[in-house]
Each structure stands twice: as structure tokens, then as C-alpha cells.
Amino acid sequence: MPPRFEVQAVDRAVYREQLRSFVPDRLIDIHTHVWLDQFKAKQLQDPLRVVTWPQRVARDNSIEDLTETYRLLFPGKKILPLIFGNALSRGDDIEGGNDYVSRSGRAYGMPALIFADPAWSETEFEEKITSGHFLGAKVYLSRSDPKIAEDDIQIYDFLPRHQLKVLEKHGWIVMLHIPRRERLRDRLNLTQMVEIEKNYPNAKVIIAHVGRAYCPEDVGSAFDVLAETRNMRFDISANTSAENFELLIRAVGPRRILFGSDLPITRMRMRRICEHGMYINVVPKGLYGDVSADPHMREVEGDDAARLTFFIYEEIEAFRQAALKTGLGSSDVNDAFYRNSAEMFCDAGMPESFLEM
Ligand SMILES: [Zn+2]
């Protein structure tokens, strides 16, 4: 385990007093990244399209590290993750990473998604998913054509229609981290999300991180639009906004909400605040190196630092607050943390034996 990951008394207290009885004993984590450092490009070839702070939390996340992280963070719980790689850069060894995820999934009895490249043809995409025993694909904006400026990237630039057609045919899953500065409230994102739902009703589309709506300002009228949808699912990973979780629950109900962690980054020690619509991760001074150049990071010391616990605990606590406010019962919580994903996996072709974790 990396030296920066240590369970402290403050963490044990949060888990014991706020989370342990809220979270069901068996849970499914719909959003985890598993990769080895050897798959990462050693030189950055493309313009950097992703924020830098996640790289400071974990250099890699082997399957052994993931299972050990669960043991440390969720004592007494059984967790089945959906695993996928982290081939964010076009220079990464995407094939090596996918092979590792596929082998890990089979060795540990865990469902997996392929990390897909939009340049793959329909046949390549289908053949790679089938031969690797994947349940679908994880797609990411940084794999779009480098000629497109980051602000102009659209969903179809990294989730092309010919790949959606394949997902539709098989009823496979796609984990979609939506692009664009305006995040969930972006009109083009919302239009395309609704269009995908209409044109590919059999594909199981998961909008990661509640569409990156981390602050109240990221929402706009998105939930009015989303309340009219029927299929798309939302994972709550790496999001700590109780306010936005509450809006999500009211808009789509508990059957389309999926618990996810986005491990390894959520083993980070932090608390997220919003200022003028921008999220800021408040972290203990020095723990993640020199973060002075990253506007999304702020350091604190003394008692303020000592109170900080894990990002993943903050996420679950925010969801607990939203569940309280909206009156979700324990069976609704079990739907979001287990049943919705279990049913989706089996529909997408996962052997039911994987659920006997
Ligand atoms: Zn992720």
C-alpha cells in the first residue's frame, strides 16, 4: 500500500458512527480503476486534458491494492466492484491495461469494462469486448481526436455512434464521464444524453459522478430534463454534494442511482467545498506534495487538517444526508448500493455466480 494511505482514529469514528449501519453488508461498487504504472505513457504526448490532482493520490492501483483498500475502508462489508483501466492518455498501453483488467476480473470473479478508444471500428470494438469477457466499455474524453479543443469535445467524439450501435445490440454497459465546462447543465450534453437514450434504449448508459455536478451551480435545469428520462443511470462516485444527490433522487428515484467509488482517487484525505461554483479539495498540508499550481486544491493545517477523512466517506455521508432528506428507506438504499447494479450486470451477461461474493 502507498505510504500516504493510512486509516486513522478519525476515519474509524466516521465509519462506525455515520456509515457502517447505513451501507448494506453486501455492496456493488460500479466505478473503480485498476491499472499498473507500467501501462502509463512515460512522456505526455497530448495536451493535458485532465486535472492533475488525481495523479498525486495513486500512481497505480493493482487488483490486490483494490481489494486491500476495501478491507481497510469497509471492515465487515462484502464488495463486488466493476473494474476498468485508466488509459487516459492516448500514449498509454491501452491493450496491456485492458488485458490486465480482463485477467484480474476472471481471476477474482469481478465484472469488468474495456477501456475503449473511439478509433476502433464497430467490429474491433465488438470483438475486443467479447474476447476479453467484458460487460461493455468505459469511455473518456481525453481519447478524442487531439485536433479537437478540449472545450469543444462532444460525447460522440469519444463514444461514436458505431460503438453505441454495438452496445445497443448486446445490451452492454457504457460508463460515460460527460465532457464540457458546463458539466451537467451543458445544453449539448443534455441533448445528446437524451438522444442516446432514445436511439439506443437497450444500451445501459451510466452517467459517471452525477454528470460531474459537484457544486450547486453545475445543475442549471438539468434535473428537469433528466426527470423525463427512463433508462440512463447515474453513479454517485467522487461526488460529495448532498444538495445535488437530493435533486437526483427527486428527479430519477432510487432505482437508477448506483453507488460507485472511483477508487483509487477517493482514498484521498479531503473535504470538498465549492466557491463561486468551483470545487476545491481541502487537504492536509504537504500530504499530496506541492499543490500550489492546482486551483482545485487547498491546504489546511492543525485541527482543520486533523478532522479530514477519506473522500469516499465524504461521498457516502453526503448520500446519507440526501437519503434522510428525501425519506429513502433501507430497501431504497440497498437498491442504490447493490440491487440496481446486480440486476444490470446479470442483464449485461455477467454470470450470476459472481454475486456469491
Ligand atoms: Zn473514474
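The values are calculated or read from the model by the stated rules, or taken from the named source; none is laboratory data. Because the structure is a prediction, the values reported are computed rather than measured. Please note: Cβ atoms are built from the backbone with ideal geometry, for glycine as well, and neighbour counts cover all protein chains shown. Heavy atoms of the whole protein, side chains included, go into the accessibility calculation; ligands, DNA and RNA do not. Shrake-Rupley method; radii C 1.70, N 1.55, O 1.52, S 1.80 Å.
Out of all the residues in segment 151-161, is one or more away from the ligand (no atom under 16 Å from the Cβ), at pLDDT below 95 and open to solvent by 50 Å² or more (accessible area, probe 1.4 Å)?
yes
So which of 299, 317, 275, 243 ends up being away from the ligand (no atom under 16 Å from the Cβ), surrounded by 16 or more Cβ atoms within 10 Å (Cβ to Cβ), without any contact (Cβ under 8 Å) to a residue 24 or more places away in the chain and of a type outside the set (A, V, I, L, M)?
299
Conditions tested, residue by residue: (1) under 28 Å from residue 280 (Cβ atoms); (2) touching a helix residue (DSSP H, G or I) at 6+ places or on another chain (Cβ under 7 Å); (3) in contact (Cβ under 8 Å) with a residue 40 or more places away in the chain.
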{"site": "170", "(1), (2), (3)": "no, no, yes"}
{"site": "192", "(1), (2), (3)": "no, yes, no"}
{"site": "208", "(1), (2), (3)": "yes, no, yes"}
{"site": "217", "(1), (2), (3)": "yes, no, yes"}
{"site": "220", "(1), (2), (3)": "yes, yes, no"}
{"site": "226", "(1), (2), (3)": "yes, yes, no"}
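Would you check if residue 290 is at pLDDT 95 or above, out of contact with any strand residue (DSSP E or B) (no Cβ under 9 Å at 6 or more places or on another chain), open to solvent by 10 Å² or more (accessible area, probe 1.4 Å) and away from the ligand (no atom under 16 Å from the Cβ)?
Values: at pLDDT 95 or above: no; out of contact with any strand residue (DSSP E or B) (no Cβ under 9 Å at 6 or more places or on another chain): yes; open to solvent by 10 Å² or more (accessible area, probe 1.4 Å): yes; away from the ligand (no atom under 16 Å from the Cβ): yes.
So residue 290 fails the test.
Give segment 246-272 a look and list any residue that's in a strand (DSSP E or B) and within 16 Å of the ligand (Cβ to nearest atom), or say none.
First pass over segment 246-272, keeping only residues in a strand (DSSP E or B): 257-258, 263, 269, 271-272.
If the condition is that a residue be in a strand (DSSP E or B) and within 16 Å of the ligand (Cβ to nearest atom), then 258, 263, 272 are the ones that fit.
On the given criteria, is residue 234 outside any loop (DSSP other than H, G, I, E, B) and away from the ligand (no atom under 16 Å from the Cβ)?
No.
Quick check on residue 103: is it at pLDDT below 95, open to solvent by 10 Å² or more (accessible area, probe 1.4 Å), more than 23 Å from residue 210 (Cα to Cα) and part of a helix (DSSP H, G or I)?
no
Picking from 93, 145, 117, which residue would you name as being more than 16 Å from the chain's Cα centre (by Cα) and closer than 21 Å to residue 31 by Cβ? Full working, then the answer.
Working: 93 fails: closer than 21 Å to residue 31 by Cβ; 145 fails: closer than 21 Å to residue 31 by Cβ.
Within the list 93, 145, 117, the selection yields 117.
Quick one: would you say residue 250 is closer than 25 Å to residue 206 by Cβ and open to solvent by 60 Å² or more (accessible area, probe 1.4 Å)? Let's see the steps before the verdict.
Working: closer than 25 Å to residue 206 by Cβ: yes; open to solvent by 60 Å² or more (accessible area, probe 1.4 Å): yes.
Yes: the conditions hold for residue 250.
Among the numbered conditions (1) over 18 Å from residue 333 (Cα atoms); (2) within 16 Å of the ligand (Cβ to nearest atom), tell me where residue 224 comes up short.
(2)
Restricting the search to segment 57-95, which residues are touching a Leu at 6+ places or on another chain (Cβ under 8 Å) and either within 15 Å of the ligand (Cβ to nearest atom) or over 28 Å from residue 283 (Cβ atoms) (or both)?
60, 61, 66, 69, 78, 80, 81, 82, 83, 84, 89, 91, listed by residue number.
Name the residue, out of 85, 136, 96, that is open to solvent by 10 Å² or more (accessible area, probe 1.4 Å) and not aromatic (Phe, Trp, Tyr).
It is 96.
For segment 181-211, how many residues meet the condition of being under 15 Å from residue 154 (Cα atoms), within 17 Å of the chain's Cα centre (by Cα) and among the charged types (D, E, K, R)?
Qualifying residue count for the region: 1.
Evaluate the following for residue 180: is it at positive phi and buried (at least 18 other Cβ atoms within 10 Å of the Cβ)?
Yes; evaluated as a whole, the condition is true for this residue.
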